[in-house]
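The values are calculated or read from the model by the stated rules, or taken from the named source; none is laboratory data. Keep in mind it's a predicted model, so treat the numbers as computed, not measured. Here the Cβ positions follow ideal geometry from the backbone for every residue, glycine too, while neighbour counts run over all protein chains shown. Just so you know, the surface numbers come from the protein's heavy atoms only, side chains and all, with ligands and any DNA or RNA stripped out. Shrake-Rupley method; radii C 1.70, N 1.55, O 1.52, S 1.80 Å.
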Amino acid sequence: MNEQAARTRIWVALGESPSSAAALAAAAALAAEMDAELAGLFVEDINLQHLIGLPFAREFSLLTGAGSPLSRGEVERTWQREADAMQRLLAAAANRLRLRWSFQVARGRVSAEVNTLAQAFDLIVLSKRSGIGVMAALPATPRFSRVHPQGGPVLALIEAGSSFTPSLDLGGRLARLNGAELVVLVGAEGEDMYRAACAAAQAALKARDISGRCVWLNSLNDSSLVKAARHEAASCLVLANKERFLTQAGFDRMLDEIECPVVLTR
């Protein structure tokens, strides 16, 4: 393992799923473009451990289909096999691209372990938690590098009556880097508040030589964000105040439902 410290780390949460290889390849490519460390996280999910001893918890053979009670020993062996396999995949991907890399195993709940890591950084990119998720963690003054655009617009959320500089700065920068449209999602209770916030956002964007359009969210919650991202076929969603969203009830569910990466900033 290469232990050399890197200013930028691309965290990838590893697990056995059909999308693992593609997501790991994407994280490795991003690390190569940003001269970053590729850091793997494998979480031994204690929710599985809690099933041990329950009468309905059984493991089934892929060869025979026969079932047997779920045992602690078999859970531990399965975790070890998976962790070893994920570390080999990570090392192979990193070595092909001559990347710095590291691998970490944690035991707990997947969302809690990811959130613990995320708290230490100023900019976090989270993907769908199902299967394998990619998280890029950067220092306070990141050096952006162009990533391959998915074709859709960059969405940046602002709220009427609150500071929207972080969302507009990051959203505008990502849109410009990827040649994408910037769409400003404006959370406002009434139309007058929406129009005032949109006008202020447009003026701020003009000062930065960035263009964008506004979309009104008259109710701001996880469901409305997922709906907006799907409607716009977004390439990513930028949310300011990362601590608020990381601790917000329903945020895990939103990550499972949304189809694009979610970028969290201060």
Residue-by-residue Karplus 3J(HN,Hα) for the range 154-159, coefficients 6.51, -1.76, 1.60, Hz, glycine and proline x
8, 9, 10, 8, 10, 10
Nonlocal amide H pairs with residue 40, under 5 Å, H built at 1.01 Å:
12, 102, 103, 104
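Tally up the carbon and sulfur contribution to the accessible surface of the range 152-266 as a whole percent, 1.4 Å probe, everything protein left in place.
49
Taking 0.36 nm per residue of separation and subtracting the Cα-Cα distance, what length does fully extending residue 247 through residue 266 add? Walk me through the numbers on the way to the answer.
Details: separation 19, 0.36 × 19 = 6.84 nm, distance 1.37 nm.
Extra length from residue 247 to residue 266 when fully extended: 5.5 nm.
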Whose amide H sits under 5 Å from the amide H of residue 241, counting only residues 5 or more places off or on another chain, with H placed in the peptide plane?
265, 266
Run the quick spin-label model on residue 256 and residue 98: label points 7 Å from Cα toward the beta carbon, then report their separation in nm to one decimal.
4.3
Whole-Hz ³J(HN,Hα) for each residue in the range 76-82, computed from phi via Karplus 6.51 cos²θ - 1.76 cosθ + 1.60 with θ = phi - 60°, x for glycine and proline: what do you get?
4, 5, 5, 4, 5, 4, 5
Quick one: which residues, 5+ away or cross-chain, put their amide H under 5 Å from the amide H of residue 159? H built at 1.01 Å from N.
187
